[in-house]
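The values are calculated or read from the model by the stated rules, or taken from the named source; none is laboratory data. Source: prediction; values computed, not measured. Methodologically, a virtual Cβ is constructed for each residue, glycine included, from the backbone with ideal geometry; neighbour enumeration extends over all protein chains shown.
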Amino acid sequence: MSQRNPTISKGVDWSLVWIWVVLCLIGITSIFAASYHEGENVIQGFISLKTDYSRQLLFFILSGVLGTFILLTDSKFFTATANLGYAFGIFLLLLVFPFHSRVKGTESIIRFGSAFQLQPADLCKLFVNLALAKYLSRVETNFSRPRSQLIAATIALVPAAMSIMQHEMGLSLVYFSFFLVMFREGLPPSVLVIGFSFAVLVVATLLLEPNTLAIILTCIALLAIYIMRRQVKRNRSILFMIVGIWFVCVGVQRFVVPFVFDHVFQPYQVKRIYDTIGKDYVPKDQAAEASIENEQRKKSKSDNNYNVKQSKIAIGSGGLIGKGLLKGTQTRYDFVPEQKTDFIFCTIGEGFGFLGSILFLGIYTLLLMRIVTIAERQRSVFSRCYAYGVASVLFFHIVINICMTVGLAPVIGITLPFISYGGTSLLTFSVMLFILVRLDADRQMVLR
């Protein structure tokens, strides 16, 4: 092994490492800008480990140490332990049920004393990515078969289902990003079309009256039958397929969506979704109304509408070039709740303006493009699938988080990779990235 890879730097894509360093430093700076109070000793604040930015710096250093160990690890270790890691991730998710702490509406966090907490649903993304890459790279896996597609979907969706049971809706949606990996490996495009159509149907169900939407669906079905009337005459199964699709759509609209919103989502989560689409949510029972009032009372001014409004004001007040570091009014005086975590982007928008935000998003774009380029040059199916998994998870987090801050998506607790405050999040994303760097360094190998 020493002859094949004599130094840690051999084959390493340092551009990816430097992008990671730049993003982490931007994150620490943004957390500092949102946390610093006038008159504080900056040096003391960074070495005390009592401030958020000092703890984020510590996790950045720990991520670098872990990354160094990963770069010294044989690539075959990740394929050999992928399934074991997945089992460990599921075990951690199971531990949440008896040992969880309720934090800001979620029950997905395990506390270890007062200084450290772990969110297995966040960490499990790494294990799912490795396990999915392992399964897709097996010689006996024929991904053109529905059975293989179902197994791959199960690998991704089991942690998602467990996250939903822990009232962690945001991270549960992240696991759906792995379907992009499956699509790259041969999942029929019809599956993605069906998924997108289902999302459109859900939004339409919320926006339109039930009877109105049912009439629209019926008209669409009749129009499809009319357009395809010649094919229908030759093959009656097409008619049955159209009627079946109409029946499923009406069933989803009438029964599935109401059931999920009434019995799966928490009332305050439903309210967030309704707020995003600009409609008022009227609870159907006193328990739901009490739950919303209790949640808002706990959060005081952290109401979803307040969060988004203040975030928009902060981003808009940055103007073209921004107000500068430590000169923002909205973020410096805590007008934006969760401005170090979910709404960290508004700190960047206010401090560095439109041009700074575009430059920042450009760094993310460069990161994603570099990962896709790396993915496509892999000889190993395992390495390619893993690389696309990293790109998919990062893309989902980036898009959803920024859309949250500008009111284009519900507030669902999605962090901004390498930027948002949080040790578990930073360590998870960093380890995912460094494993990719390690696999790419050995890209001439065929891993299974």
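Pick from the range 245-284 the residues that are more than 30 Å from Leu223 (Cβ to Cβ), among the aliphatic types (A, V, I, L, M) and part of a loop (DSSP other than H, G, I, E, B): which of them is modelled with the lowest pLDDT? Filtering the range 245-284 for residues that are more than 30 Å from Leu223 (Cβ to Cβ), among the aliphatic types (A, V, I, L, M) and part of a loop (DSSP other than H, G, I, E, B), the one modelled with the lowest pLDDT comes out as Val282. Just to be sure before I move on: is Phe418 assigned to a loop (DSSP other than H, G, I, E, B) and aromatic (Phe, Trp, Tyr) in the structure I sent? Taking the combined requirement at face value, the residue satisfies it.
Screening Val181 against (1) exposed (fewer than 15 other Cβ atoms within 10 Å of the Cβ); (2) touching a helix residue (DSSP H, G or I) at 6+ places or on another chain (Cβ under 9 Å); (3) closer than 28 Å to Asn401 by Cβ leaves a single unmet condition, (1).
The rows are residues; the columns are (1) aliphatic (A, V, I, L, M); (2) in contact with a Leu (Cβ under 9 Å, 6 or more places away or on another chain).
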position	(1), (2)
Leu118	yes, yes
Ala121	yes, yes
Leu132	yes, no
Tyr135	no, no
Val139	yes, no
Thr154	no, no
Pro159	no, yes
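Only residues that are surrounded by fewer than 20 Cβ atoms within 10 Å (Cβ to Cβ) and in contact with a Gly (Cβ under 8 Å, 6 or more places away or on another chain) were counted across the range 414-431, and they come to 1.
Every condition in (1) exposed (fewer than 14 other Cβ atoms within 10 Å of the Cβ); (2) of a type outside the set (S, T, N, Q); (3) on the phi < 0 side of the Ramachandran plot; (4) over 18 Å from the mean Cα position of the chain (by Cα) holds for Gly186 except the one numbered (3). Considering the conditions (1) surrounded by 13 or more Cβ atoms within 10 Å (Cβ to Cβ); (2) part of a loop (DSSP other than H, G, I, E, B), Ser144 is excluded by exactly one of them, (1). Met369 meets each of the listed conditions (1) of a type in the set (A, V, I, L, M); (2) assigned to a helix (DSSP H, G or I); (3) in contact with a Cys (Cβ under 7 Å, 6 or more places away or on another chain) apart from (3). Are any of the residues in the range 143-151 without any contact (Cβ under 8 Å) to a residue 60 or more places away in the chain and within 16 Å of Leu126 (Cα to Cα)? No.
Selection of the range 401-440 for residues being modelled with pLDDT under 90 and of a type in the set (A, V, I, L, M) yields Met404, Val406, Leu408, Ala409, Val411, Ile412, Ile414. Listed by first and then second residue, the pairs with beta-carbon distance under 9 Å, at least 6 apart or on different chains, first residue in the range 204-233 and at pLDDT 85 or above, second outside any helix (DSSP H, G or I), are Ile216/Leu208.
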